[in-house]
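Okay, structure first, notes after.
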Amino acid sequence: MEHLDLLSKGHYEATSRTAPASSRSTWWVYDSSLRRLISGKRRIRQFATSAFATCWLLGVAPSASASDIQNSKLVKGTEKLIGDVTTWLMILAPVVAGLLIIYFCIRRSAADEMDTKKWNNRIIVAIISCIGAVLGSATLNLIIGYYK
């Protein structure tokens, strides 16, 4: 009968997952404190990294005038790249949207009543996406046109 002492109430509470309320609250405080400590270390690391990057940029980066930046190869190349991408987007978006709409119409004609609603929604999304892509690229092209 002495071996049954291992299953006494005190031993069961100490080893089970359902510990008494006093030890549960202690464990919860320890766990939440540990989580706060870890998140605090992450915040400190992020702050230190951003502070170091800011100090490095302010101290090491050479000063440049606006005309130097405006005439740099990077700015000129970026302007050309954005201009070309927006031009191609204004051409490709309607073509791709048209092909998708044709495909969706074919699939809608072969679908049952439940699937017909889905294909109708997909057709509407394709039209709206095409309009958004064309308007977005035209707006970006217009904005870049002012900086030339």
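Just so it is clear, none of the values below were taken in a lab; they were calculated from the coordinates. Just so it is clear, the model here is predicted, and its values are computed rather than measured. Cβ atoms come from the backbone with ideal geometry, glycine included; neighbour counts cover every protein chain shown.
In nm, to one decimal, how far is the modelled label at S50 from the one at K73, with both set 7 Å along Cα→Cβ?
A separation of 3.4 nm, rounded to one decimal place.
Which FRET efficiency value, to the nearest 0.05, do you get for W88 and K118 by plugging their Cβ-Cβ distance into 1/(1 + (r/R0)^6) with R0 = 22 Å? It would help to have the intermediate numbers written out before the result.
Numbers: r = 31 Å, r/R0 = 1.39.
So the FRET efficiency works out to roughly 0.10.
Tell me, in nm to one decimal, what length is gained between R42 and S129 on full extension, where the rule is 0.36 nm per residue of separation less the Cα-Cα distance?
Working: separation 87, 0.36 × 87 = 31.32 nm, distance 3.95 nm.
Additional length available on full extension: 27.4 nm.
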